[in-house]
Amino acid sequence: MIVKKRAKMLVANWKMYLSAKEAETVAEAMAEMFKKEKPAAEVIVCPSFPQLALVGKIFAKTAVQIGVQDIHPEDKGPFTGDVSVKQVAETAKYAIIGHSERRQYHGENDVLVAAKTAHALKSGIHPIVCVGETEEEKDAGQSEAVVTMQAQKVLDTVTSMSIPRMTFAYEPIWAISAGPGKEARQPDPVEVSQIAMLIRKLAARRAGDAYAEKMRVLYGGSINGQTARMFISEPGVDGALVGGASTKPAEFLKVVKETDACL
Ligand code: PGA
């Protein structure tokens with residue numbers, strides 16, 4: 001089988017870090033940077049919901065795509081504080097789903113994550129589904145079992161045809177930084193590659209090689225200009241989900257350049 005090389009992908013997850021003014025400044029700096037140096041990788045910026053329209057406008061004439069950090073599994077209804085695909089579809093083409101911070105602080109489980117993913121796919125939004133084990137699970141040798149359980153639930157819920165439009169992000173919870181500049185433990189890039197290949201194998205078992213080979217698998221956890229290449233150059237790793245470093249334009253540009261060097 002001849003497989004077309006998957007384009008690398010970088011997802012900037014701005015979490016709840018930036019004020020409206022800061023988001024505007026960061027977005028403008030990045031848009032300017034990317035006009036001068038066009039990234040070869042696909043870049044997706046995910047601001048907080050209230051900043052979506054503003055940030056979307058700033059990136060409108062660039063190749064940067066916009067994503068959201070979460071999405072509700074229904075189109076409308078009595079869901080206080082939630083946001084639906086329909087409400088963001090004009091601006092956002094991607095949605096981060098099942099981030100460990102949503103699982104941890106909002107009690108999201110695998111069933112809900114799978115429902116959100118299936119709904120996003122049906123509604124024309126590309127899901128970026130996060131999976132990853134806790135530090136205790138890692139130390140107990142359960143990383144593969146945990147990731148398998150999380151990913152399998154999602155794969156069982158979506159149609160096989162939609163798998164090429166999906167992205168998984170492997171984010172070991174213990175490797176995610178506690179805030180900009182506060183980095184955590186770093187995984188072995190070879191182990192990250194093994195988990196990325198495991199996720200693709202699960203997708204292949206569900207939908208066949210042709211579909212699974214088109215799906216992207218990213219790594220996330222304290223990625224910055226210094227660490228990007230060692231993970232993204234690993235087999236099976238198609239890019240990164242970047243938190244803290246993605247809110248600093250100069251640092252994010254380094255991540256983009258390191259990623260482009262891996263193409
Ligand atoms: P980090 O966050 O790059 O700040 O570790 C990654 C993530 O949680 O998506």
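Things worth noting here:
- The stretch 16-59 and the stretch 116-142 have their alpha-carbon centroids 24 Å apart.
- Taking 25 Å as the limit for the C-alpha separation, the pairs K153/K254; K76/K214; K15/K86 exceed it in the case of K153/K254; K76/K214.
- Among R185, R200, sorting on how many other beta-carbon atoms sit within 10 Å of each Cβ, with the fewest leading, yields R185, R200.
- Calculated FRET value between R185 and D260, using beta carbons and R₀ = 30 Å, to 0.05: 0.65
- Counting only Cβ charges, +1 for Lys and Arg and -1 for Asp and Glu, the dipole size of the stretch 85-187 around its Cα centre is about 560 debye.
- Rounded to the nearest 0.05, the FRET efficiency derived from the C-beta distance between A53 and D82 at R0 = 25 Å is 0.90.
- Take every pair of alpha-carbon atoms less than 8 Å apart whose residues are at least six positions apart; their mean separation over the length of the chain yields a relative contact order of 20 percent.
- As a proxy for reagent exposure, T159, T80, T117 were ordered by neighbouring Cβ count within 10 angstrom, fewest first; the result is T80, T159, T117.
- DSSP assigns beta bridges within the chain; of those with both partners inside it, close to 5 percent run antiparallel.
- Projected-area average for the stretch 1-115 over all orientations - Cα convex hull basis, square nanometres: 9.3
- Within straight-line cross-link reach of K8, aspartates and glutamates at Cα separation under 20 Å, skipping those fewer than 8 residues along the same chain: E37, E42, E171, E191, D209, E213, E234, D238, E251, E258, D260
- Kirkwood Rh, angstrom, the stretch 132-263 [1 / mean 1/r, Cα pairs]: 15.1
- Nearest-20 debye value, the stretch 67-108 charge dipole, Cβ charges on Lys, Arg, Asp, Glu: 60
- 12 Å beta-carbon shell around V85, net charge (K/R +1, D/E -1): 0
- In the distance distribution for the chain, Cα-Cα pairs more than 33 Å apart total 12 percent.
- Neighbour counting of Cβ atoms within 10 Å sorts the residues K248, K38, K5, fewest neighbours leading, into K5, K38, K248.
- Across the stretch 148-223, the relative contact order, built from alpha-carbon pairs under 8 Å that are at least six residues apart, equals 47 percent.
- Segments 163-170, 106-113 sorted - mean Cβ within 10 Å per residue, highest first: 163-170, 106-113
- Rough spin-label spacing in nm, given labels placed 7 Å along Cα→Cβ, for D209 and H106: 3.9
- Once both labels are positioned 7 Å from their Cα atoms along Cα-to-Cβ, the gap between S233 and S19 label points is 4.1 nm.
- Separation of the D75 and A140 label points, Cα + 7 Å toward Cβ, nm: 4.2
Laboratory data are not the source of any read-out in this text; all were calculated from the coordinates shown. Because the structure is a prediction, the values reported are computed rather than measured. Virtual Cβ from ideal backbone geometry, glycine too; neighbours counted across all protein chains shown.
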